[in-house]
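Q: Dumping the structure here so I can ask a few things about it.
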Amino acid sequence: MKLAVFGSPIAHSRSPEIHQAFAMQHGRTIEYARILASPEQFAECFQAFVANGGVGANVTVPLKEQALSLCSTLSSRATQAQAVNTLILRDGEWLGHNTDGDGLEADLLRLGMKLRGARVLVLGAGGAVRGIIGPMLDAEVAHLHIANRTEAKAQNLVSEWQQRLAGELEMKPKVFSTLLSAGGLSSAAGSAENGSWDIVINATSSGLTQERPEIPEATLANKPFCYDMVYGSKPTAFMQWAEERGCAVSDGLGMLIEQAALSYFQWFGDIPDTKVVLDSVRSQL
Ligand code: ATR
């Protein structure tokens with residue numbers, strides 16, 4: 001089976017080793033390549049991959065939005081996120097899917113978090129956040145608040161979702177139990193009415209530059225579990241800050257492995273053992 005991950009940059013991608021480790025668990029032989037593709041080259045590179053027998057792919061930064069246009073069908077997760085991280089060749093057609101948010105949820109569950117009824121703060125309003133909102137709403141968190149440095153981006157994202165949900169409720173009435181809200185970074189402190197957080201997810205790219213979002217101290221009043229979607233050999237600035245204030249923390253390596261496992265499941269129908277692969281990739285960071 002020919003698989004590949006497309007992105008730019010791509011040399012750092014751990015997807016090939018993760019998928020090879022999954023395949024070995026099931027006695028499968030796969031070819032999984034890294035393909036460097038700029039947005040201008042992406043469509044052409046993808047066609048060449050297909051012509052060479054490619055049957056499945058992952059897509060990473062900055063191509064996830066562009067990948068929508070390569071697919072003839074989109075899963076509901078890809079539609080919600082308006083981004084594709086997994087391409088699946090099914091009956092001669094490319095299906096676009098997004099496993100990022102479900103991968104985050106799986107990792108939070110692995111870490112012992114209970115999402116149903118939880119008060120969840122998400123920092124950031126970029127591409128990384130788009131994929132999280134659907135799974136969080138499906139998990140019936142009690143409150144999902146999106147706080148971003150540029151407040152208008154958080155507000156726009158939330159109003160887009162509110163419009164979509166209003167449409168869905170008309171078609172399929174259901175009890176909708178999550179309070180969905182948005183604000184600037186100062187709103188991360190929470191409010192008297194809504195209390196403070198059980199889980200704080202840093203979905204900004206601040207960790208890549210050793211910075212952290214400038215959020216108020218009161219954000220951590222309830223000692224929430226603090227998760228950074230970025231990972232590396234050392235804790236991010238956000239994780240260090242939260243740890244110094246007595247919070248339990250995690251980086252996003254587990255999310256990387258879980259989203260890969262969900263892609264792998266789409267291609268092969270096998271459920272990989274993620275724990276051994278997480279331990280092995282962690283030891284090589
Ligand atoms: P991604 O796809 O990783 O989400 P993105 O779409 O470029 O990347 O979004 C980056 C996010 O990180 C944005 O929410 C950005 O905030 P702005 O919208 O205000 O730019 C946020 N971000 C990046 N660096 C940050 C920092 N040092 N402090 C706070 N937020 C930061």
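The values are calculated or read from the model by the stated rules, or taken from the named source; none is laboratory data. Keep in mind that this is a model prediction, so the values were computed, not measured. So basically every Cβ, Gly included, is an ideal-geometry build from the backbone, and we count neighbours across all protein chains shown.
Q: So which residues in the range 226-250 are among the acidic types (Asp, Glu) and more than 23 Å from residue 77 (Cβ to Cβ)?
A: Of the residues in the range 226-250, the ones among the acidic types (Asp, Glu) are 228, 243-244.
Scanning the range 226-250 gives 243, 244.
Q: Now for a different question. Those residues that are under 24 Å from residue 112 (Cβ atoms) and among the charged types (D, E, K, R), I need them from the range 213-227; list them, please.
A: The one that is under 24 Å from residue 112 (Cβ atoms) and among the charged types (D, E, K, R): 223.
Q: Still on this structure, please answer the following. Note down all Cβ pairs under 7 Å where the first residue falls in the range 117-140 and is within 14 Å of residue 80 (Cα to Cα), the second is more than 10 Å from the ligand (Cβ to nearest atom) and basic (Lys, Arg), and they're at least six residues apart or on different chains.
A: Pairs that qualify, where the first residue is within 14 Å of residue 80 (Cα to Cα) and the partner is more than 10 Å from the ligand (Cβ to nearest atom) and basic (Lys, Arg), are 134/77.
Q: Of the residues 277, 200, 281, which is assigned to a strand (DSSP E or B) and in contact (Cβ under 8 Å) with a residue 60 or more places away in the chain?
A: It is 200.
Q: Of the residues that sit in the range 14-47 and are crowded, with 19+ Cβ neighbours inside 10 Å and of a type in the set (Ser, Thr, Tyr), which one is farthest from the chain's Cα centre (by Cα)?
A: 32
Q: Regarding residue 111, is this residue touching a His at 6+ places or on another chain (Cβ under 9 Å), under 25 Å from residue 216 (Cβ atoms) and in contact (Cβ under 8 Å) with a residue 60 or more places away in the chain?
A: It is false that residue 111 is touching a His at 6+ places or on another chain (Cβ under 9 Å), under 25 Å from residue 216 (Cβ atoms) and in contact (Cβ under 8 Å) with a residue 60 or more places away in the chain.
To keep it simple, each residue is scored yes or no on (1) more than 16 Å from the ligand (Cβ to nearest atom); (2) aliphatic (A, V, I, L, M); (3) modelled with pLDDT of 95 or more.
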| position | (1), (2), (3) |
| --- | --- |
| 118 | yes, yes, yes |
| 124 | no, no, yes |
| 144 | no, yes, yes |
| 155 | no, no, yes |
| 164 | yes, no, no |
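Q: Could you say which residue among 196, 206 is modelled with pLDDT under 95, within 20 Å of the chain's Cα centre (by Cα) and under 27 Å from residue 157 (Cα atoms)? Break it down into steps so the answer makes sense when it comes.
A: Values: 196 fails: within 20 Å of the chain's Cα centre (by Cα).
Being modelled with pLDDT under 95, within 20 Å of the chain's Cα centre (by Cα) and under 27 Å from residue 157 (Cα atoms) holds for just one of 196, 206, which is 206.
Q: Further, regarding this structure: Tell me, which residue of the range 217-234 that is loosely packed, with under 14 Cβ neighbours inside 10 Å and part of a loop (DSSP other than H, G, I, E, B) is nearest to the ligand (Cβ to nearest atom)?
A: 234
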